[in-house]
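Okay, structure first, notes after.
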Amino acid sequence: MEHAGQEVLLFYMVCDESGSMGPNGGIEEINRSLPELHATLASDPLVVDKSRLCIIAFSDNAEVILPLSKVTDIADMPGVHESGLTNYGAAIDLLTRTIEADVASMKSQGYKVYRPCVFFMSDGEPTDDWEGPYRTMLSHPFRPHILAFGVDGADPTVLGKIATLKAFVGVDRAKAGRALASVMGSIGKTIIASTSTAQGGIVNIDVPDDVDGMMSVPLVQLDEL
Amino acid sequence: MGLLRGRRHHHDDLAGKLRPNGGQDPLIGMPPTPDPEPEEKIDAASHSSNNWTTGHLYGEKTTFGKAPWWTSKGWWKASGDHEAHDIRAHVGTVADLAVAACSLRGNRHRTTGDPNQDSFSIALATNEDGAPTHIVACVCDGMGSAEHSAFGARLASIAVATRLAESVHGDVNALFVDLSTHQKRFIDRITELVLDSCGSVPGSPPKGTRLQDLQTTLTFAIVEATEPLHARAALVGSIGDSPLFVLRSGELELIAAGKDAEDAVFSTATSGLLGATAMSLATVSLAPGDGLVLTSDGVGGFVVHNGQPTALGRDLGQQWRQPVGLLDFVIDLSFEMASADDDRTAVVIWSRNQETWPQ
């Protein structure tokens, strides 16, 4: 196996692209920020050598818009476009299947795979049954760490249930786009800091204490529903 | 929440574009594509250029292997530490033993301008006539989360090697029993020495530095340096995750510490020397021609995977079948492998094989 013994960190961005993300500026901000995020990550040699990035977009359905990739192999970041509902369940189900396939593939190539880290971003309440897929994901051996970010109409309690590390919601519904810009900046910092500290099987996901325009919300155990 | 279904992306196509010659992993229907820069093995002889920063390549080329260290990108930063130790190396013989030791600053610390946080120490025990009886080798890997771990590792390795060299007399089995019985006292003494050095040694952190800010792993070996006809005994010990191997017939056999992810995902905890209450101890028999290899996990963590040697492990085993030249040893440790960005240290002690070694 060519990569036997090499370590790799997997990062997944799950982006809401439901119809409401257009009017509130979320779509525009994500599409503006993704190339910046790419440039930031590609300029860090440790991130380039040791991490992989995948992006999933969801509305009615979910789709992998960037397969798990080394950042320097990405010539052009994908974009998102407003479309339909906010089906968390579809996103989480695809995320679970994608992580399962990615981790299995990386392990089969000989990589030592750290537990994946997910950045979940949404502007609305879920419009489908998401708890079943979520429980399935958390019971999987490859279950990821999750950071959740909500803007506009996102429900803090729901995001607190989805996150396993930390959840944030925007403090001003009218400034969803600006809040998402802060979120994207925090994602870049988290990826860089986490990659630089990952060593010998131990990784501390560098969770931001504060995100500009966002406030932290308490995590909620799904079992307490 | 949205109600409209619109066009998929703001770009012309439907997904992010990968570079045409990129090394995309074969995932989810994506066929593997060739790396833009083909794999190569760098011959030691090619290192006459001052461009040299990496050794043999395993897998894809890394950022650090693609450009000289003085690139304007500034990802190879000078350290303000008094002893950054980009390279520290030592070789020598004692009776029928040969020892090579080397420590290299890893890519992670190159990017941050921090010093090498690994350290090694070699000490000799002598008899009443001053003749060497044992060689003591010690490898310490300062913990990344500890602010002054470079200093902690350096002081701890010296303190442990010195103390063990003073303690071993005759058969290492006697020291094994003694250390097993009094290991906490031994560790407490080392911890005390390291803490007391703060503020009193040039370049040290201030007096009162907390133990956790100096924390380090420990792996050591004590090998009889007499000239036995058959096997000789070695005492090995460890606290934490710095792996130790026996080198036999060109193969590395893991005998202590290390980690090898067999769980669903890769995760282990590392314990430290300072303040510990116990250590792992064992005795090993070395036949003529065998070697003992002490490493930090920046090396040892990449030579075995799922119980099998990696390509690097196989190469190092073969390369170190018998002692190698000083620069060759440095180059061996300068292997290029993505994600192997930690500091790297290895100490190899070879037991002479009378039949194959030059007289």
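The values are calculated or read from the model by the stated rules, or taken from the named source; none is laboratory data. Note that the structure is a prediction, hence the values are computed from the model and not measured. FYI the Cβ positions are ideal-geometry reconstructions off the backbone, even for glycines, and counts take in every protein chain you see. Keep in mind that these areas ignore ligands, DNA and RNA; they rest on the heavy atoms of the full protein, side chains included. Shrake-Rupley method; radii C 1.70, N 1.55, O 1.52, S 1.80 Å.
Chain A and chain B together bury an accessible surface of about 5100 square angstrom, both sides counted, with a 1.4 Å probe and no ligands or nucleic acids included. For chain A, the share of DSSP beta bridges that are antiparallel, to the nearest 5, is 30%.
Rounded if a/c is under 1.5, else prolate if a/b is larger than b/c, else oblate: which is segment A:176-225, with a ≥ b ≥ c the root eigenvalues of its Cα gyration tensor?
In terms of gyration-tensor shape, oblate.
Between segment B:110-166 and segment B:285-359, the alpha-carbon centres lie 19 Å apart. Legend: mean number of C-beta atoms from other chains within 10 angstrom of residue C-beta atoms, peptide A:109-115, equals 6. For the protein assembly as shown, the 222 nm mean residue ellipticity estimated from helices alone, with every DSSP H stretch of n ≥ 4 adding -39500 (n - 2.57) and the total spread over all residues, rounds to -8500 deg cm²/dmol. Of the solvent-accessible surface of segment B:51-182, computed with a 1.4 Å probe over protein heavy atoms with every protein chain present, carbon and sulfur atoms account for 51 percent. Only aspartates and glutamates eight or more places from A:Lys189 in sequence, or on another chain, were considered; those with a Cα closer than 18 Å are A:Glu29, A:Glu36, A:Asp44, A:Asp49, A:Asp206, A:Asp209, A:Asp210, A:Asp212. Legend: mean number of C-beta atoms from other chains within 10 angstrom of residue C-beta atoms, peptide A:36-45, equals 2. Hydrodynamic analysis of chain A uses the Kirkwood radius over alpha carbon pairs. Inserted into Stokes-Einstein at 10 °C and 1.306 mPa s, it gives a translational diffusion coefficient of 92 µm²/s.
Taking all Cα pairs closer than 8 Å and separated by 6 or more residues, the relative contact order of chain A comes to 23 percent. If you wrap the Cα atoms of segment B:121-233 in a convex hull and average its projected area over all directions, you get 7.9 nm².
When the inverse distances between all different Cα atoms of segment A:1-65 are averaged and flipped, the Kirkwood radius reads 13.7 angstrom.
Within segment A:135-225, what whole-number % of the accessible surface is contributed by carbon and sulfur, with the 1.4 Å probe and all protein chains included in the calculation? Provide the component values of the computation, followed by the final result.
Numbers: 1950 of 3970 Å².
C and S fraction of accessible area: 49 percent.
Per residue, how large is the accessible surface of segment B:59-151? Use a 1.4 angstrom probe and give square angstrom.
Numbers: 3780 Å² over 93 residues.
It amounts to 41 Å² per residue over segment B:59-151.
Here the peptides B:313-321, A:190-198 are ranked by packing, the mean other Cβ count within 10 Å, and the order with the highest first is A:190-198, B:313-321.
The mean number of partner chain beta-carbon atoms within 10 angstrom of a residue's beta-carbon across peptide B:338-347 is 4. Under the shape rule built on the C-alpha gyration tensor, where the axes satisfy a ≥ b ≥ c, segment A:34-136 is oblate, since a/c reaches at least 1.5 while a/b does not exceed b/c. Accessible area per residue for chain A, computed on protein heavy atoms with a 1.4 Å probe, is 32 Å².
Checking the a/c ratio against 1.5 first, then a/b against b/c, what shape does the Cα gyration tensor give for the protein assembly as shown?
Details: a/c = 2.43, a/b = 1.99, b/c = 1.22.
In terms of gyration-tensor shape, prolate.
Modelled this way, with points 7 Å down the Cα-to-C-beta line, the labels at B:Thr283 and B:Thr356 are 2.7 nm from one another. Taken over segment B:59-128, the percentage of Cα pairs per 5 Å bin, counting from 0 up to the bin with the maximum distance, is 3, 13, 20, 16, 15, 11, 8, 7, 4, 2, 1, 0.
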